[in-house]
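Engineer: The structure that follows is given in the form of structure tokens.
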Amino acid sequence: MRPQPRPKTCSRTGKKRWPDHKSAVQVLHHASISRTRAAEFGTQSHRSEIRTYPCDACGGWHTTSRKSMAAAA
């Protein structure tokens, strides 16, 4: 798997902006691997992303550690 290009930033939220859903899902995959490896070594990973969502402001995709959009309200 090729490394992801450095993400751009959403002009409204300041969050990392992924150009498409596939790229955002790859980020989730890497975060999951990071958490798994950290657990195997008895450490804690700083990666907590578990879900992607589209951004109306920038047209890109973001990742979040929140389980659902309802939790954001």
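The values are calculated or read from the model by the stated rules, or taken from the named source; none is laboratory data. Just so we're clear, the structure is a prediction, and the values are computed from it rather than from any experiment. Don't worry about glycine lacking a Cβ; one is built from the backbone with ideal geometry, like all the others, and counts go over all protein chains shown.
Engineer: Can you tell me which residues in region 27-50 are in a helix (DSSP H, G or I) and either in contact with a Lys or Arg (Cβ under 9 Å, 6 or more places away or on another chain) or aliphatic (A, V, I, L, M) (or both)?
Structural biologist: Scanning region 27-50 gives Val27, Leu28, His30, Ala31, Ser32, Ile33, Ser34, Arg35, Ala38, Ala39.
Engineer: Out of the residues in region 18-69 that are among the acidic types (Asp, Glu) and loosely packed, with under 15 Cβ neighbours inside 10 Å, which is nearest to Pro7 (Cα to Cα)?
Structural biologist: Asp20
Engineer: Still on this structure, please answer the following. Determine, yes or no, whether Arg6 is basic (Lys, Arg), assigned to a loop (DSSP other than H, G, I, E, B) and free of Cβ contacts under 8 Å to residues at least 40 places away in the same chain.
Structural biologist: Here the answer is yes, as Arg6 does meet what is asked.
Engineer: On to the next question. Go through region 40-55 and give me each residue that's within 16 Å of Leu28 (Cα to Cα) and either modelled with pLDDT under 95 or not polar (S, T, N, Q) (or both).
Structural biologist: The answer is Ser45, His46, Arg47, Ser48, Glu49, Ile50, Arg51, Tyr53, Pro54.
Engineer: Hey, any hits in region 55-67 for a residue that's in contact with an Asp or Glu (Cβ under 9 Å, 6 or more places away or on another chain), at negative phi, in a helix (DSSP H, G or I) and of a type outside the set (D, E, K, R)?
Structural biologist: no
Engineer: State all residues of region 5-55 that are among the polar types (S, T, N, Q), more than 19 Å from Arg66 (Cβ to Cβ) and within 12 Å of the chain's Cα centre (by Cα); if no residue qualifies, say none.
Structural biologist: If the condition is that a residue be among the polar types (S, T, N, Q), more than 19 Å from Arg66 (Cβ to Cβ) and within 12 Å of the chain's Cα centre (by Cα), then Ser23, Gln26 are the ones that fit.
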